[in-house]
Structure formats: C-alpha cells, structure tokens
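Peer 1: For reference, the structure I am asking about is given below.
Just so it is clear, none of the values below were taken in a lab; they were calculated from the coordinates. Being a predicted model, the structure only gives us computed values, none of them experimental. Reconstructed Cβ throughout: ideal geometry from the backbone, glycine too, with neighbour counts over all protein chains shown.
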Amino acid sequence: MGKALGFIEITGVVAAMDALDIMCKAANVSLATWERKLGGRLVTLVVEGEVDAVRAAVEAASENAIKKPAATGILPNPHPEIHKMVELSASRFKGKPEPSSDSKMLGQDPPDFVPKDK
C-alpha cells in the first residue's frame, strides 16, 4: 500500500471512470479498489500513492469530473484497520478469494435493496 489513500464517492459508473481517469492523469496514483452500490448508482473509488499525489488527484477529480462527487476524503497515514478494509475490497475487485465467506462480492447490492420493476 502507498502512504496515503484517497476516496471519491460519485454517482454513476461513467462519472466514476471519468474521475478515475482524471486522478490517474493528474498525479502518480493508482487504483487500490472500487465499490459499486445500488446497482452502480453510487461508486466509491480508492486510490493510493504519496500524500501530495493523492491530494492532487482527489482535488483534480473534484474540480473537473463530469459530476460533482458526493464525498471525498484523504487519509495521509491510514490506520492498519483501514488497510484491511481496502485489501478486502481489493481482493473482491481483483478476483482473489475473500478472507471470510459471509462478505458480499464487489458490486453486489445489500440484501434489503429491491430494484423497482420497470
């Protein structure tokens, strides 16, 4: 893991891909993981890198993405428990076995989510 983690939560997969492209081009960061909720209507991107690079990447995406992020965050020196959460998400993202069998897969909606019939 890098020294810092940056988070952007944004509505829509297309907007998330736009934000990720902006972040990776703006600074030396890499995608650590991503999570989709509510069928992709809410996407959280997690990037990692040096503190200044993560800050620049998150700021660039916040200012230039096709949609305004719902939330952003930068953790300059994340607690080891945060790294565990990111690693769990990344294991699902990268198709590796999960540490526990009761965890949801990446992009899976919560059990109480019932989409409206079209």
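Peer 1: Taking the Cα centre of each part, how many Å lie between the range 56-92 and the range 7-52?
Peer 2: First find each Cα centre; the distance between them is then 7 Å.
Peer 1: Next question. Give me the orientation-averaged projected area of the Cα convex hull of the range 4-93, in nm², one decimal.
Peer 2: 5.1
Peer 1: At 7 Å along the Cα-to-beta-carbon direction for both residue 59 and residue 11, put a label point, then send me their distance in nm to one decimal.
Peer 2: 2.7
Peer 1: Viscosity 1.306 mPa s, temperature 10 °C: give me the Stokes-Einstein translational D for the range 1-40 in µm²/s, with Rh taken as the Kirkwood radius over C-alpha pairs. Let's see the in-between values first.
Peer 2: Values: Rh = 11.1 Å.
Taking Rh from Cα pairs, D becomes 143 µm²/s.
Peer 1: Another one. Hey, what do the phi angles of the range 42-49 turn into as Karplus ³J(HN,Hα) couplings, whole Hz, using 6.51/-1.76/1.60 and θ = phi - 60°, x for Gly and Pro?
Peer 2: For the range 42-49, the Karplus-derived couplings read 10, 10, 10, 9, 10, 10, 9, x Hz, x marking Gly and Pro.
Peer 1: Need one number: nm distance between label points at residue 28 and residue 67, each 7 Å from Cα along Cα→Cβ, rounded to one decimal.
Peer 2: According to this spin-label approximation, the distance is 3.2 nm.
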